[in-house]
Amino acid sequence: MSQPTIHPTAQQLLTDFRPEALADRHDRQHSLLEATGELGRPPYRVLDLGSGSGVTAVWAARRGWRVTAVDVAAENLAVLRRQLEEESGLSIDIVVDDATRCESVPDAAYDLAYLKDLLEHV
């Protein structure tokens, strides 16, 4: 008899920073983006709008990319701050702001903008 498939809950997905968990969710999507031929060469400057707990920001920073994570909820970004305390060396700027206005986002050019879990909210 085979073991039942156990699917992670939404909360588990938002707080699972293990490299294999992030790779499973992000590497395939990024490979599709690379396949367009529109990206320059890494490292990239990444804007993660509606970053939530920061799993996409951590995934990108682990690749050596400079990331700005933006979310309207400070409690979401508190999860990311705790992760950054545990995992030093990641280049992530954290901004609490409304992603529809981004008034607090540094005036900078970005190579990639992720809106993975934002569009359904705006």
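Since every read-out is calculated from the coordinates, none of them should be taken as a lab result. These figures come from a predicted structure and were not determined experimentally. Heads up, the Cβs are rebuilt from the backbone with ideal geometry, glycines too, and the neighbour counts pull from every protein chain shown.
Full extension of the chain between ALA21 and ASP93 yields a length gain of 23.7 nm, computed as 0.36 nm times the residue separation minus the alpha carbon distance.
Estimated at 0.36 nm per residue, the fully extended path between ARG28 and GLU85 surpasses their Cα-Cα distance by 17.8 nm. Which percent, to the nearest 5, of DSSP beta bridges fully inside segment 15-122 are antiparallel? Approximately 0 percent, going by the DSSP bridge assignments. The label point for ALA74 and the one for LEU39, both projected 7 Å from the Cα toward the Cβ, are 3.4 nm apart. Mean projected area of the convex hull spanned by the Cα atoms of segment 48-114, taken over all viewing directions: 4.0 nm².
Considering only the other residues whose Cβ falls under 10 Å of the Cβ of ALA99, what net charge follows from Lys and Arg at +1 and Asp and Glu at -1? Surrounding charge for ALA99 is -3.
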